[in-house]
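The structure appears below as structure tokens.
The values are calculated or read from the model by the stated rules, or taken from the named source; none is laboratory data. Quantities reported herein were computed from a predicted structural model and do not represent experimental measurements. Cβ coordinates were reconstructed from backbone atoms using ideal geometry, including for glycine residues, and neighbour counts include every protein chain displayed. These accessible areas exclude ligands, DNA and RNA; they are computed on the full protein's heavy atoms, side chains included. Shrake-Rupley method; radii C 1.70, N 1.55, O 1.52, S 1.80 Å.
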Amino acid sequence: MQTVAALTMVRDDAFFLKAWLRHYGEMFGRENCYVVNHGYGQEVADLAAGCNVIGIPGDPHKNFDMKRWRMLNNFVMGLRCYYNHVIVGDVDELVVLDPQAGMSLPDWLDAQPAKRVLTPLGLEVIHRIDVEQEPITDRILGPRRHVRPAPHYSKPCVISTGTKIARGGHFTQYEKLHTPDDLYLLHLKFCDFPAYSEAMDRRNEVTAATGVTVKEASIGRHWFAEARGEDRAVFEAFADLEMQDGFDMRLLRRKMQRTFKPRGETGFYQFDRPEYRTQYLLPDRFSGLL
């Protein structure tokens, strides 16, 4: 079987889709990339040329997230018949291997045991607008070097066994937690101030079109205008996060392992997801990786 397939769903987010395509398309080959084109967007279809583009209707729906993950679950299980691993997630979430591992992500995955779910440590790439003036024109890491721990994005997203994935991709029904030391999930939502504002404008339009409130919808709260806040204030606040020395994430992974347990009676498993008020500077070896 082929080693890895990458799967995402996207609607209009060209900035993040370009990064997703550069990352996975270059590593795995576009023929092993699957892009669900929500709303049949022409720009998405053009950018993803050479990938497996699956167009679906884009009608607004209050249970958007529930429908999306039901479909992605089924796609993952189908692709697992033909691939050893399937990486699934939002278009602004990218799985990376620390360059200190000394090999590429495809080679690393090829050496991993089968029948597992891998959970990369989640880090949010943040745009420190007070010190990072360089615009993003191609690669993201380099112009952007700051990250904050994001347990909410430590997602079980590398699937090599039959399992069910919860809405949002945050939990699975796999009963063990594998958190390899060199594996990260980089969340890019806050990596660029202008791109953030444009993306949030689009997402606010999507939720407004449903005609329902946050409490009535199965859509992430952060998609709603009422939960957005003031964009510049969001980014200015990143400077207040406590800068940490070095780049040692072992304590964060240990916290995940210590708190791993069943998620009530749902059949899913979870770990604690505290809100850390810290930030780190990515080592030079990460520059140009995305």
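Mind checking which strands (runs of 3 or more DSSP E) fall wholly inside the range 17-117 and carry at least 3 residues that are touching a strand residue (DSSP E or B) at 6+ places or on another chain (Cβ under 6 Å), modelled with pLDDT of 95 or more and under 20 Å from Leu141 (Cβ atoms)?
Strands (runs of 3 or more DSSP E) meeting the threshold: 93-97.
Output the residues belonging to the range 125-148 that are open to solvent by less than 10 Å² (accessible area, probe 1.4 Å), out of contact with any helix residue (DSSP H, G or I) (no Cβ under 6 Å at 6 or more places or on another chain) and not β-branched (Val, Ile, Thr).
Residue satisfying the conditions is Arg144 alone.
Does any residue in the range 65-87 that is in contact (Cβ under 8 Å) with a residue 40 or more places away in the chain come within less than 6 Å, Cβ to Cβ, of a residue that is assigned to a helix (DSSP H, G or I) and surrounded by fewer than 19 Cβ atoms within 10 Å (Cβ to Cβ) six or more places away or on a different chain, and which pairs are these?
Close Cβ pairs satisfying both conditions: Asp65/Arg167; Met66/Arg167; Trp69/Arg167.
Counting just the residues of the range 25-55 that are open to solvent by less than 30 Å² (accessible area, probe 1.4 Å) and among the hydrophobic types (A, V, I, L, M, F, W, C), which one comes out nearest to Val4 (Cα to Cα)?
Per the stated criteria, the residue is Phe28.
Here is a yes/no grid of residues against (1) of a type outside the set (A, V, I, L, M, F, W, C); (2) modelled with pLDDT under 95:
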site: His170; (1), (2): yes, no
site: Lys176; (1), (2): yes, no
site: Leu188; (1), (2): no, no
site: Cys191; (1), (2): no, no
site: Pro194; (1), (2): yes, yes
site: Glu198; (1), (2): yes, yes
site: Arg202; (1), (2): yes, yes
site: Ala208; (1), (2): no, yes
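Take the conditions closer than 24 Å to Ser160 by Cβ and of a type in the set (D, E, K, R) and apply them to Arg11. Does it pass?
No; evaluated as a whole, the condition is false for this residue.
Where residues in the range 273-290 are of a type in the set (S, T, N, Q) and within 16 Å of Met249 (Cβ to Cβ), which of them is surrounded by the most Cβ atoms within 10 Å (Cβ to Cβ)?
Taking the candidates together, the pick is Gln279.
For the range 256-268, which positions are on the phi < 0 side of the Ramachandran plot, open to solvent by less than 60 Å² (accessible area, probe 1.4 Å) and touching a residue at least 60 places away in the same chain (Cβ under 8 Å)?
Passing the criteria: Met256, Phe260, Phe268.
Which pairs have Cβ atoms under 7 Å, sit 6 or more apart or on different chains, and link a residue in the range 33-46 that is on the phi > 0 side of the Ramachandran plot to one that is not in a helix (DSSP H, G or I)?
Note: pairs meeting the criteria are Gly39/Arg11; Gly39/Gly58; Tyr40/Gly55; Tyr40/Gly58.
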